[in-house]
1. Of the cross-linked pairs K98/K418; K278/K518; K260/K333; K333/K382; K418/K540, which ones have a Cα-Cα span greater than 32 Å in the structure shown?
2. When only DSSP loop residues count, what GluC sites (Glu not before Pro) in the range 310-378 have their Cβ near at most 16 other Cβ atoms within 10 Å?
3. Distance between the C-alpha centers of the range 515-548 and the range 341-409? Whole Å please.
4. For the range 257-332 and the range 44-112, what is the centre-to-centre distance using only Cα atoms, to the nearest Å?
5. With a 10 Å Cβ neighbour count serving as the proxy for reagent exposure, in which order, fewest first, do I468, I504 appear?
6. About its Cα centre, what dipole magnitude does the range 228-568 give when the only charges are +1 on Lys and Arg Cβ and -1 on Asp and Glu Cβ, stated in debye to the nearest 20?
7. With a 10 Å radius around each residue's Cβ, average the other Cβ atoms per peptide and rank 359-369, 594-604, highest first.
8. Most exposed first by the Cβ proxy, i.e. fewest other Cβ within 10 Å, how do K665, K617 rank?
Amino acid sequence: MKNIPLVLLVALLACGTWYAFRFNEPQLCAQIADAAGQPLPKVAVRILRDTAMVATRTTDEKGKFCVSLLPGVYTVEITHSGFAQLRLEGVPVKAAQKTNLHTVVLQPTVATLTESITVYYRPALFAEADYDEAPSGERPILRPAAERGKLPVVAPPKSRRAEDRAAYRSISESVSERSKTDADGEAPALRMAAPAAEGVALEKATPQPVEGKGRVSRPGRTPAAQRAGTLTAGEWNDLYNWNHHWADLLRDGEIDSYQKTYQLFPQHRYSVLLQNEKGMPLSDVPVHLLDRAGAILWEARTCNTGQAELWAGLFSGKLAEEPFQVAAYVDGKRHVLGTPRPFASGLNRYQIQRECHHPKTVDIVWTVDATGSMGDEIDYLKTELLDVIGRVQERFPDLDVRMGAVFYRDEGDEYLVKSSALNRDISKTVSYIQAQYADGGGDYPEAVHSALEETLRQPWSREAVARICFLVLDASPHQRPEVIQSLQRSIREAARRGIRIVPIACSGIQKDTEFLMKFFGLATNGSYIFLTDHSGVGGKHLAPTADVYKVELLNDLLVRLIGEYVNTPRCDDGKLPMAFHTQPDPQSPVKPTQAALYYPNPASDQLTIEIPFDAQKVTLYNAEGLAARDLGALPAGVHAIAVQDLPPGTYTLRIWRGSEIQSGKVLVVRT
């Protein structure tokens, strides 16, 4: 009997502990309403931590919900029929505290759009409030002050000091206009006006007066002489110039500081070429680099030429214990292909039995910095991008082209990211791009990581011949640890899904940002594009870290690059059509010609070209832009180009006829 009080005491303590935990456990609560303030019942609420869903709730008849969570930072997704999806990110839940979102208002959406709004949480925006009754069976929730009829969107102070940035979490609005396709999946026809003819060989233009960096470019404000074919640019691909350029930079330590800053170390490269037994490329095939225990080191997908770039130690610079293995997944079947050799020792060529098949879908997302420092060039860029969009539609009628756009600014600006999702209705992308303008930000780091996250949230195709993100920017990302980690995650995910990141560097870019953009291109099998001073538009452009490069019109360069990314050999004979990358002169008496053909690709001894017209000039360029074979003028017919004495690598074949230029990538290999 003497033990009864002790047992009773233990029981009471246990009950007290449970009671204290039950009524002090962390919770997240809110009420969901429409724009008129009417509560919305049966609204679906999902709670995510990182990318994992941890809880789901449905609002009660008063539009309320509460959910008990472990301490941490969460994302809240709220979805209801007839309303734009709301995504609230960075919501902190602290131990023994309640996080109350108060009344969250959903915005109605229109029938032709699926809209998504992203808001970044900041506690200072939420007022102290009274208690109100809770949903049935749950604790009370805070009722907001009367004037807080909806979740506010308020920018923090404009101070750029580090302590201010630490004190204020940004809150901004991101609108993602995910346009629905037509029932038949067809997009309305879209034609863009042809630009005036431009020469290919460019001299340095006399700079014209332009407004300084940081001006605000608003809708309807058209710079003088703005037209497609104004901006000039160059391209440099470090993958193609690895052994005699990138390897030198690594060996000399010239880029050590940039690698350490962004924790990206593109050093240990393994390049794979997948073909079927007839030598045809296997495109859009998942390929993995595995360590000796079978763990995945890197994931990629083969491009239109059958190539994939694999990396070891990209985020550490340290090489895992070898030997490695390469595995590919074709039609759901796993093929272990063997031990790869580093790229310095050559290309890894593998064959897998499969019928010739090339996907027909092309996904292109334009991710654009819209901060104020882009004001000197964004109107010109919009004109160039719209011209490229129209020409791509016209040049590749047999492909299923889908496009989208992401515009981003920075913390404290009017918005952080906004997007029009990938869609076959290209007119929606065109209208969306036309409506954007530069504002906010400044010559400071911008929210590049947020832009890439939004880009990866786009509905990319499961099967495609090419997935391309053109990243247009003039400033670096933030260098906070969480931003670096976000960039690493985005790069890994882009490579895994076969999304090429192709940066376009504008005026004001700094050397560290240039190399970060090069890192992006290397890791995702992309390239690096940079605007030049030849157009006279914008501020001073950074001289690229490159050997020799050609200056091109930006719109022609982009059309050329897209053509190279989507070009595939014909399954019946293995011949590749050359891609047109200049706009024909509408005033020229010379009618547009058919595409020339070239084969085989890869080539080891001889490259054959079939030209259906008299060519004024035919040249094979190496990766540095130097002529490896200058064949001069060639008549219509079949011609052979000896390549057995050329160093292995990627070359560009170009053919001139009047104002037209056709081009194609050629891979020279040793058998």
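1. On the way: K98/K418 30 Å; K278/K518 34 Å; K260/K333 39 Å; K333/K382 44 Å; K418/K540 28 Å.
The pairs that break the limit, which is 32 Å between Cα atoms, are K278/K518; K260/K333; K333/K382.
2. Values: sites: E321, E355, E377; in loops: E321, E355, E377.
Passing sites in the range 310-378 are E321, E355.
3. So the separation of the two Cα centres works out to 16 Å.
4. Centre-to-centre (Cα) distance: 38 Å.
5. Numbers: I468 23, I504 28.
By the 10 Å Cβ count, ascending, the order reads I468, I504.
6. Values: 35 positive and 46 negative charges, 287 e Å.
I would put it at about 1380 debye.
7. The packing order, highest mean first, is 359-369, 594-604.
8. Working: K665 19, K617 14.
Taking fewest neighbouring Cβ atoms as first place, the list is K617, K665.
Each value in this text was obtained by applying a stated rule to the coordinates, not by laboratory testing. Here the structure is a predicted model, which means the values were calculated and not measured. Using ideal geometry, Cβ is built from the backbone for each residue, glycine included, and neighbour counts are taken over all protein chains shown.
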